[in-house]
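What follows is a set of notes on a single structure, which appears directly below.
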Amino acid sequence: MHRIKLYTIGFTKKSAEVFFSEIRDAGVKIVIDVRLNNISQLAGFAKKNDLVFFLKELCDCKYLYIQDFTPTKEILDAYKKKEIDWHEYARRFLLLIEEREIETKVSIEQLDNACLLCSEPASEHCHRRLVSEYLAEKLINVDVKHL
């Protein structure tokens with residue numbers, strides 16, 4: 001059986017050249033945006049409308065935003081304000097995505113050579129890692145690689 005390749009990437013602390021090269025070199029076919037706020041001025045080249053253009057032109061890649069893959073504002077704000085630690089954030093977020101049944105929000109075909117996008121430079125303390133691990137657990141034959 002064909003194994004699904006699912007990637008994750010963060011855009012901060014990366015130049016546009018490095019970011020788009022990593023996506024292109026990995027063979028990513030679709031970037032799935034998992035950010036709560038994908039239109040922030042702070043996103044630079046990764047602002048939604050710019051990103052759609054750059055992905056198509058530079059990587060021959062599609063863009064998809066799935067809001068059910070994002071944390072709620074309440075959970076994210078509590079973490080950013082240090083009202084909760086990473087473990088509590090992860091616990092709450094995992095309960096949320098389980099409740100949302102995110103594995104039903106995307107097809108296996110969409111996930112193959114897809115890349116989950118968030119802003120955090122590393123996946124260790126980012127919800128994109130939680131989403132990718134959750135999907136890999138719920139769906140069979142999924143290999144996750146963090147770019």
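List of remarks:
- Scope the stretch 52-71; condition over 17 Å from Leu36 (Cα atoms) and of a type outside the set (A, V, I, L, M); matching residues: Phe53, Phe54, Lys56, Glu57, Cys59, Asp60, Cys61, Lys62
- Residue that is farthest from the chain's Cα centre (by Cα), among those in the stretch 51-82 that are under 27 Å from Val18 (Cβ atoms) and hydroxyl-bearing (Ser, Thr, Tyr): Tyr79
Residues are listed down the side, and each one gets a yes or a no for (1) over 17 Å from Glu133 (Cβ atoms); (2) hydrophobic (A, V, I, L, M, F, W, C):
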site	(1), (2)
Arg3	no, no
Phe11	yes, yes
Asn49	yes, no
Lys62	yes, no
Ile66	no, yes
Lys73	yes, no
Phe93	no, yes
Ile97	no, yes
Ser107	yes, no
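- Restricting Thr12, Thr72 to those that are of a type in the set (Ser, Thr, Tyr) and within 19 Å of Ser123 (Cβ to Cβ) reduces the list to Thr12.
- Scanning the stretch 83-94 turns up one or more residues that are modelled with pLDDT of 95 or more, farther than 27 Å from Val18 by Cα and among the hydroxyl-bearing types (Ser, Thr, Tyr).
- Positions within the stretch 35-65 being modelled with pLDDT of 95 or more and open to solvent by less than 20 Å² (accessible area, probe 1.4 Å), in sequence order: Leu55, Cys59, Cys61
The values are calculated or read from the model by the stated rules, or taken from the named source; none is laboratory data. Bear in mind that the values here come from a model prediction, so they are computed numbers and not experimental data. All Cβ positions, glycine included, derive from the backbone under ideal geometry; neighbour counts span all protein chains shown. Each accessible area value is taken on the protein alone, full model and side chains, heavy atoms only, with ligands, DNA and RNA left out. Shrake-Rupley method; radii C 1.70, N 1.55, O 1.52, S 1.80 Å.
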